[in-house]
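Okay, structure first, notes after.
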Amino acid sequence: MTNEHDGILNFNTIAQHGGQELDAVTHSRAVPIYQTTSYGFESTDHAASLFQMQGEGYIYSRNANPTNRVLEKRLAGLEGGVDAFAVSSGQSAITIALLTLAKVGDEIVTTNALYGGTYNLFSETFKRFGVTVRFVDGTNFSEITNAINANTKAIFTETIGNPGLQIADIEKLSQIADEHGIPLVVDSTFTTPYLQCPIAFGADIVIHSTTKFIGGHGTSIGGIIIDAGKFNWANGNFPEFTTPKGSLNNQSYVELTSESAFISKARFELGHDLGTALSPFNGWLFIQGLQSLPLRMKQHVENTKQIAAYLNEHELVTWVNYPSLKGDGQFELAETYLPHGAGAIFTFGIKGGLEAAKTFIQSVKLLSHVANVGDSKTLVIHPASTTHSRLSPEEQRITGVTPELIRISVGLEDAEDIKADINSALRKSLGASFVE
Ligand SMILES: *Cc1c(COP(=O)(O)O)cnc(C)c1O
């Protein structure tokens, strides 16, 4: 998106205007909600051309919807990508993105500090589909390289691993991906484009669970896939992108849609066939979320820095893991990749271990005990007994979940009130089983 002077618009401006052209009939200033399943064709020829992906236009909202299209273009603009596909959840975004690249017999290499749902998707469901996912230590580059073979179709990572908060070295990972002619796919849910644009560090495809900070108010489930538009699909590793298809008027995705080939394939194959369409109403809520994203993220990070520093000094806390905290082992990596702050999610260890952790969770009043992150309200959870409880003790250890670990997603309340509630719950946790 460019302004009148032909300059590229800046972040805050794209967050307000990206992807919207005022509707020609009403000139509605807000993005309208196109709550429709289907769209009238101008003629039989027009219908036929749309079905063969010739030209812009809408057929059916399972494939594309004008409200969601604004969200897609706006997020592509914020991330520095060329196109995007909005879907019904973060999980469906990951599924569609990776299965657009890999089919039965193929492999994916992933860093192992993952959101619990993604871990299950990879280790159970993808396995049933015949796609092997190899889990590697994201900081061990030779382990990553060794896990790649002729069948590998992508490297996957989260910008900040969950719940261990490992910061991905995206430049290094993208270099390894490049050397092997495969794309780097990055789940940037914890960072949002406000804190980091993975494409600027070499990522090829970016995914968000828009459910979290982008929606920002804990109201809707959604996901999105954004394509940097720079991967060379004609390098021999991805024949499905370069083989002509009857359904595309005997052209290939690359011939027909060039730099948007990945998003086009994702939309017209798995998006169409699996049917994980985003409701236009939820798409509209995510657009509202993007408009306040810069302000909200700034405040999320400001509160998080204060609360992490407070707990770091607290006598009932054994450790705090927040990469933006001075003295943290990842502080330098955080300065490189997340100069505006390492997000609003951090973890700490409570004195007294498992029992104290449970009592703490039961005792908070202002903080909400829910399985979510990225709400405007502060949320807490004990991963070992909830989000990561489906994992074996060994898998829990690999993903960095320990019994005393508590995860906080810091909201937009006054930091003083959040601290007071945490302090009072910590005091109560003393009662349970506290042993010095
Ligand atoms: C929540 C989350 C997901 C899954 O998104 P849903 O919208 O819940 O399907 C994936 N990755 C990360 C990092 C998440 O936090």
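The values are calculated or read from the model by the stated rules, or taken from the named source; none is laboratory data. Quantities reported herein were computed from a predicted structural model and do not represent experimental measurements. Here Cβ is always computed from backbone atoms with ideal geometry, including for glycine, and neighbour counts include all displayed protein chains.
Consider the range 213-251. How many of its residues are assigned to a loop (DSSP other than H, G, I, E, B) and either within 16 Å of the ligand (Cβ to nearest atom) or modelled with pLDDT of 95 or more (or both)?
Of the residues in the range 213-251, the ones assigned to a loop (DSSP other than H, G, I, E, B) are 213-222, 228-238, 243-244, 249-250.
Filter once more, keeping what is either within 16 Å of the ligand (Cβ to nearest atom) or modelled with pLDDT of 95 or more (or both): 213-222, 228-238, 243-244.
Residues in the range 213-251 being assigned to a loop (DSSP other than H, G, I, E, B) and either within 16 Å of the ligand (Cβ to nearest atom) or modelled with pLDDT of 95 or more (or both): 23 in total.
Confirm whether I199 is assigned by TED's automatic domain parsing to the domain that holds V104, within 12 Å of the chain's Cα centre (by Cα) and buried (at least 20 other Cβ atoms within 10 Å of the Cβ).
Working: assigned by TED's automatic domain parsing to the domain that holds V104: yes; within 12 Å of the chain's Cα centre (by Cα): no; buried (at least 20 other Cβ atoms within 10 Å of the Cβ): yes.
Judged against the criteria, I199 is not a match.
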*Quick one: in the range 244-261, of everything that is under 12 Å from A234 (Cα atoms) and in contact (Cβ under 8 Å) with a residue 24 or more places away in the chain, which residue is surrounded by the fewest Cβ atoms within 10 Å (Cβ to Cβ)?*
E259
*Within the range 373-407, which residues are within 16 Å of the ligand (Cβ to nearest atom) and assigned to a helix (DSSP H, G or I)?*
P383, T399
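In the range 112-163, how many are of a type in the set (A, V, I, L, M, F, W, C), modelled with pLDDT of 95 or more and either within 30 Å of A344 (Cβ to Cβ) or buried (at least 23 other Cβ atoms within 10 Å of the Cβ) (or both)?
Counting residues in the range 112-163 that are of a type in the set (A, V, I, L, M, F, W, C), modelled with pLDDT of 95 or more and either within 30 Å of A344 (Cβ to Cβ) or buried (at least 23 other Cβ atoms within 10 Å of the Cβ) (or both) gives 12.
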*Could you list, in sequence order, the residues of the range 190-212 that are within 15 Å of the ligand (Cβ to nearest atom), over 19 Å from L99 (Cβ atoms) and either of a type outside the set (F, W, Y) or without any contact (Cβ under 8 Å) to a residue 40 or more places away in the chain (or both)?*
T191, T192, P193, L195, Q196, P198, T210, T211, K212
*Do we find a residue being touching a strand residue (DSSP E or B) at 6+ places or on another chain (Cβ under 6 Å), part of a strand (DSSP E or B), in contact (Cβ under 8 Å) with a residue 40 or more places away in the chain and under 28 Å from A371 (Cβ atoms) anywhere in the range 100-108?*
yes
_Of all residues making up the range 363-381, the number that are in contact with a Phe, Trp or Tyr (Cβ under 9 Å, 6 or more places away or on another chain) and free of Cβ contacts under 8 Å to residues at least 60 places away in the same chain_ = 1
*Would you call V364 under 30 Å from G138 (Cβ atoms), surrounded by 14 or more Cβ atoms within 10 Å (Cβ to Cβ) and not acidic (D, E)?*
no
*asked:* Among the residues of the range 108-129, what is the count of those that are over 16 Å from the mean Cα position of the chain (by Cα) and of a type in the set (G, A, S)?
replied: 1
*Out of the residues in the range 354-392 that are more than 18 Å from I422 (Cβ to Cβ) and β-branched (V, I, T), state the one that is modelled with the highest pLDDT.*
T386
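Would the range 34-52 turn up any residue that is within 16 Å of the ligand (Cβ to nearest atom) and not charged (D, E, K, R)? I'd like the intermediate steps shown before the answer.
Initially, the range 34-52 is screened for residues within 16 Å of the ligand (Cβ to nearest atom), giving none.
Scanning the range 34-52, I find no residue that is within 16 Å of the ligand (Cβ to nearest atom) and not charged (D, E, K, R), so the answer is no.
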_Which numbered condition E124 misses (of (1) within 16 Å of the ligand (Cβ to nearest atom); (2) acidic (D, E); (3) touching a strand residue (DSSP E or B) at 6+ places or on another chain (Cβ under 9 Å))_ = (3)
*So T191 clears everything in (1) farther than 19 Å from E332 by Cβ; (2) crowded, with 21+ Cβ neighbours inside 10 Å except one condition, right? Which one?*
(1)
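It is to be established whether one or more residues within the range 56-76 are within 12 Å of the ligand (Cβ to nearest atom) and touching a residue at least 40 places away in the same chain (Cβ under 8 Å). Break it down into steps so the answer makes sense when it comes.
Initially, the range 56-76 is screened for residues within 12 Å of the ligand (Cβ to nearest atom), giving none.
Scanning the range 56-76 turns up no residue that is within 12 Å of the ligand (Cβ to nearest atom) and touching a residue at least 40 places away in the same chain (Cβ under 8 Å).
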*Within the range 174-187, restricting attention to residues that are out of contact with any Phe, Trp or Tyr (no Cβ under 7 Å at 6 or more places or on another chain) and without any contact (Cβ under 8 Å) to a residue 40 or more places away in the chain, which residue is farthest from Y337 (Cα to Cα)?*
H180
*Tally the residues that are within 16 Å of L184 (Cα to Cα) and of a type in the set (A, V, I, L, M, F, W, C), restricting the search to the range 235-260.*
1
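How many of the residues in the range 311-333 are within 18 Å of S409 (Cα to Cα) and among the small types (G, A, S)?
Going residue by residue through the range 311-333, those that are within 18 Å of S409 (Cα to Cα) are 311-312, 317, 319-325.
So of that shortlist, the ones also among the small types (G, A, S) come out as 324.
Of the residues in that region, 1 qualify.
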